[in-house]
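The values are calculated or read from the model by the stated rules, or taken from the named source; none is laboratory data. Quantities reported herein were computed from a predicted structural model and do not represent experimental measurements. Cβ coordinates were reconstructed from backbone atoms using ideal geometry, including for glycine residues, and neighbour counts include every protein chain displayed.
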Amino acid sequence: MKANVYVTLKTEVLDPQGDAVKRALNALGFAGVQNVRVGKLIELELTPASPQTAATELRAMCEKLLANSVVEEFRFELDHGA
C-alpha cells in the first residue's frame, strides 16, 4: 500500500520560503501569483494489516515525526490498490 503525506505550514505561520518563491516568480514575469506556500510531500510504502491500520499508523507517524504540530499541519492519502 502506498501513502502520500502532505505537510504544510499552518496558515497563521509566516512562510519566508514561499515569499521568496513568490518574489522570484514575479521577477520572472508571473505577475498573477498572489501568494505561495511551500510544503513537503512524503511518499511511503506500507504493509499494514488493513487500510484502517494504515490510517492509524500514518496519523501516529505524522504526529510523532513527520510533522511539527506546533507550526505544521498534515493530511495523507492512501492508495489501497498499490
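Scanning region 36-50 for residues that are in contact (Cβ under 8 Å) with a residue 12 or more places away in the chain, exposed (fewer than 12 other Cβ atoms within 10 Å of the Cβ) and over 20 Å from the mean Cα position of the chain (by Cα) yields one hit, THR47.
Inspect region 20-31 for any residue being on the phi > 0 side of the Ramachandran plot and either surrounded by 15 or more Cβ atoms within 10 Å (Cβ to Cβ) or not charged (D, E, K, R) (or both) and give the result as yes or no.
yes
Return the pairs, sorted by first residue and then second, in which the second residue is outside any strand (DSSP E or B) and of a type in the set (Lys, Arg), the first residue lies in region 69-82 and is over 15 Å from ARG59 (Cα atoms) and at pLDDT 95 or above, the beta carbons are less than 8 Å apart, and the residues are 6+ apart or on different chains. Cβ pairs passing all conditions: VAL71/LYS10. When ASN26 is tested against (1) under 16 Å from GLU73 (Cβ atoms); (2) more than 17 Å from the chain's Cα centre (by Cα), only condition (1) is not met.
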